[in-house]
Amino acid sequence: MAADDTSCTTAKFRAMGSDAVIVIEGMPDHVNAAISRIADLENSWSRFIHDSEISRLNRSSSWVDVSEDTLMLMDRSIDANKITSGAFDPTVLTSLVALGYDTSRSEKPGRTRLSHTPRAGRSPGLAAVDIDREMSRVRLGRAVAFDPGGLGKGLAADIVASEAVASGACAAMVSIGGDVRIAGCAPPEWVIAVENPFDAEATIAELRLEHGAICTSSVAANTWTTDDGAAVHHLIDPATGSPILSSIVAATVVAGEAWIAEAMCKTAIRGDALHALSFLESAGVEGLLVDTDRFVWRTAGLEGFAT
């Protein structure tokens, strides 16, 4: 992202197992508070932190007291599951762990190996997730393991950017692992570069929006192989428990909020390009897709965000 205005304060750091960037215009002292807020959300939501609220939920089949932030995460996850007709499903964690994704990307190389390809299975779904909003507590069914995944990063970007503007910033941009949320009214020099999934040094588009979200998901972002030669990635089909098989390598979505854009990315990757574009347009969002032949597909309205 380009943000060269001297009135902006920028911080680059690691958060939620990803590269993160915060840019704030008009309120430089808020950057440290924003970084701390992201750390607090990670400590509540990360499945890789033993004492996080999500980890405690996954270890228990009884009611677990949670924060308002985690209640919001659960609500948004249920909403995302509904608006994608189940394509986004945060209960695929058992499959992810069985496939070898049991350690944070910050703690191991991007490619690991398993001795075999594990047997997959349908995810349990959200029907067995109980939420008591009055008592601020959540209970997972015995077969359910919850993983916020990319939606947690998107929602964290939403929360922190919005809070920065509510606290007095003219504009705020929060980017966590490819999920970008802009709140307030961004200056014209704030441009989001969409990375080429086949070449990390190249971009395939540059997009600008005054406020809203741009999120990208890719099957190439976190991959590994088994000793029997099977290619594995972290985007799981909840119907099978196996990595998604698709002609789409990467999807970028522009939406009002990052948690919505994240859910739409995951859904778009599941289909072929024409069906994915139709889905995005019917959902009222804009998007860009890159297929296995390196062809770039765009929704009709994406041009309105091009620089």
TODO: Determine whether residue 175 is surrounded by fewer than 17 Cβ atoms within 10 Å (Cβ to Cβ) and in contact (Cβ under 8 Å) with a residue 60 or more places away in the chain.
DONE: no
- [ ] Please give the number of the condition residue 14 fails out of (1) of a type outside the set (A, V, I, L, M); (2) at pLDDT 95 or above; (3) not in a strand (DSSP E or B).
- [x] (3)
Open item on the list: As an exercise: evaluate residue 209 against (1) more than 22 Å from residue 301 (Cα to Cα); (2) at pLDDT 90 or above and give the number of the one condition it does not meet.
Closed with: (1)
TODO: Could you tell me which numbered condition residue 37 fails, if it satisfies all but one of (1) over 21 Å from residue 66 (Cα atoms); (2) out of contact with any Ser or Thr (no Cβ under 8 Å at 6 or more places or on another chain)?
DONE: (1)
Open item on the list: Would you confirm, using the coordinates I've provided, whether residue 47 is assigned to a loop (DSSP other than H, G, I, E, B), charged (D, E, K, R) and within 27 Å of residue 182 (Cα to Cα)?
Closed with: yes
Task: Filtered residues of the stretch 50-79 (kept if in contact (Cβ under 8 Å) with a residue 24 or more places away in the chain, of a type in the set (D, E, K, R) and more than 21 Å from residue 154 (Cβ to Cβ)) - done: 65
Task: Lone qualifier among 267, 225 - being farther than 22 Å from residue 22 by Cβ and either at pLDDT 95 or above or not in a strand (DSSP E or B) (or both) - done: 267
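Yes/no matrix, rows are residues, columns are (1) touching a Lys or Arg at 6+ places or on another chain (Cβ under 9 Å); (2) closer than 19 Å to residue 252 by Cβ; (3) at pLDDT below 95:
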{"site": "166", "(1), (2), (3)": "no, no, no"}
{"site": "178", "(1), (2), (3)": "yes, yes, yes"}
{"site": "186", "(1), (2), (3)": "yes, yes, no"}
{"site": "191", "(1), (2), (3)": "yes, yes, no"}
{"site": "198", "(1), (2), (3)": "yes, yes, yes"}
{"site": "201", "(1), (2), (3)": "no, yes, yes"}
- [ ] Would you please list the contacts, defined by Cβ atoms under 8 Å and residues six or more apart or on different chains, that run from a residue in the stretch 1-27 that is among the acidic types (Asp, Glu) to a residue that is part of a loop (DSSP other than H, G, I, E, B) and modelled with pLDDT of 90 or more?
- [x] 4/189; 5/187; 5/189; 19/177; 25/169; 25/170; 25/186; 25/187
Task: Any hit, the stretch 147-158, residues being surrounded by fewer than 21 Cβ atoms within 10 Å (Cβ to Cβ) and more than 14 Å from residue 78 (Cα to Cα) - done: no
- [ ] Among residues belonging to the stretch 119-161 that are among the β-branched types (Val, Ile, Thr) and assigned to a strand (DSSP E or B), point out the one that is farthest from residue 31 (Cα to Cα).
- [x] 129
Task: Selection from the stretch 29-38 of residues that are loosely packed, with under 14 Cβ neighbours inside 10 Å and either modelled with pLDDT of 95 or more or within 19 Å of the chain's Cα centre (by Cα) (or both) - done: 36
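The values are calculated or read from the model by the stated rules, or taken from the named source; none is laboratory data. Computed from a predicted structure; not experimentally measured. Don't worry about glycine lacking a Cβ; one is built from the backbone with ideal geometry, like all the others, and counts go over all protein chains shown.
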